[in-house]
Structure formats: structure tokens, C-alpha cells
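Single-structure report; data block below.
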Amino acid sequence: MSSSSATAPDPSTLPLELPVDLEADNPLWQFALMLWQQPKVEASCLALQAQGWSVTRLLCAAWLSVRGRTFTGAEDATVTEWRRRVTGALRSARKTLPTDLAPYHKLRSGLAALELEAEQIELALAWKTLMTDNPDHADMQGSDTLIHTNLAAAAPGSSVEQRALPLIHALAGALAQLSMGDHKP
């Protein structure tokens, strides 16, 4: 008697179930574009990314900070899966190409553009649940505390490593400047 058991397909090879009503150009995306232009933000985010942080999680935490909401660090599974399977895969492919060889510049540039587009979709997926899944900030300690707490909640592990602290402080400073200007795109 032979036993032929059908094996279930690997879930990582199945298409993602994505919303059809995705709003790519949403307030979170507009905030991300504006924040990216602030001094030290791009450099700090990319340095944190090199340490294993997700820039999109940092941007979500930052956006919630300027809105007086707590970033719990919890994400919808679709966001996490998109980051792992799409954004991360594009970033990994881009990073494997040589940076100093001319024949690969066009491909690297194309992958970088696709990576940015994937990040925009990732932020759109996050935006759908951010305001409902993260409570109003009730602590009366002030916006600086909320900013630092939210950014720490975006850490890739359970705590913020010492080497990340100066970068977090730089981001917090940029956010504090935005908050003082009451600029909430």
C-alpha cells in the first residue's frame, strides 16, 4: 500500500492577499516625504536600517508621534509579510550588485526605484490600520517622551541598542521641530 500524500504549498510562494482599495498617496506617505527632507533624517534612518531597523516602522512611529498617538509596535501581518517578501527582497537584490561597476548602475537604479515603490505600498498597508490599532497618548509627560517611546517601539528587538541611541535622538530632534511647528501632514 503506497501512501501518496500531497504536500501543502509553501506559503511564502503564494501571492499575498492585498486590499484592492489601497491608497498609496495617503497622509502617512506625504508625511514620510516631508520628514525625509528634514536635516539628519535620511542619514539617521539609513544608518538604523543598516543596523536591522525598518525605516517604514520608524516612519509609522514618527507619524503617530506628531499626532499624539502611541506606537505599540504591533503591525498587521500583511505589512510584515510585504516587508519580508517584497521590500526586503528588492533591497537584498539591490545590495548584491556592485556599486562601482558601470554595467550595473541602471539595474541598481531600477531596483532602488522599485524598492521605494514597495516602501510606499508598505506604508499604505500600514496606514490602513495605524490610527485604529494605536491609542491616543494619555501620558502628560509631553511630546518629547512620546516621540522617544514611539521610536523605541519601532526597534527590531525588545530594546534599543546603545549604538542606535544617537540616531534615535537625531530623529527625535527632527520630529520635535515638526511638532513645534505644528506641521501635521
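The values are calculated or read from the model by the stated rules, or taken from the named source; none is laboratory data. In this text, all values refer to a predicted model and were calculated from it rather than measured experimentally. Here the Cβ positions follow ideal geometry from the backbone for every residue, glycine too, while neighbour counts run over all protein chains shown. Each accessible area value is taken on the protein alone, full model and side chains, heavy atoms only, with ligands, DNA and RNA left out. Shrake-Rupley method; radii C 1.70, N 1.55, O 1.52, S 1.80 Å.
Helices assigned as whole DSSP H runs in the chain whose Cα atoms extend at least 18 Å along their own long axis and whose mean Kyte-Doolittle hydropathy is -1.0 or higher are found at 105-133, 165-180.
Annotation for SER109 and ASP10: the two label points, set 7 Å from Cα along the Cα-Cβ direction, are 3.4 nm apart.
Between LYS95 and ASP76, the simple spin-label model (points 7 angstrom out along Cα→Cβ) gives 2.7 nm. Helical content of the chain, expressed as a calculated mean residue ellipticity at 222 nm, amounts to -17500 deg cm²/dmol (DSSP H runs of 4 or more residues, -39,500 (n - 2.57) each, divided by residue number, nearest 500). Over all directions, the projected convex hull of the C-alpha atoms in region 58-165 averages 8.1 nm² in area. The packing ranking of peptides 94-102, 37-45, 154-162, highest mean first, is 37-45, 154-162, 94-102, where packing means the average number of other beta carbon atoms within 10 angstrom of each residue. Using only alpha-carbon positions in region 1-70, the gyration tensor eigenvalues give semi-axes of 39, 17, 11 Å once each is multiplied by 5 and square-rooted (largest first).
A viscosity of 1.002 mPa s and a temperature of 20 °C, combined with the Kirkwood radius over Cα pairs in Stokes-Einstein, give a translational diffusion coefficient for region 1-124 of 128 µm²/s.
Based on protein heavy atoms only, the chain ends up with 57 Å² per residue of surface accessible to a 1.4 Å probe.
As a fraction of the 1.4 Å probe accessible area of region 1-102, surface on carbon and sulfur atoms comes out at 56 percent. Among HIS169, HIS148, HIS105, whose mean-square fluctuation peaks in a Gaussian network model of the chain (Cα, cutoff 10 Å)? Residue with maximal mean-square fluctuation among HIS169, HIS148, HIS105: HIS105. Working from Cα pairs under 8 Å separated by at least six residues, relative contact order for the chain is 36 percent. Contact order for region 11-84, expressed relative to its length and based on alpha carbon pairs under 8 Å spaced 6+ residues apart, stands at 30 percent.
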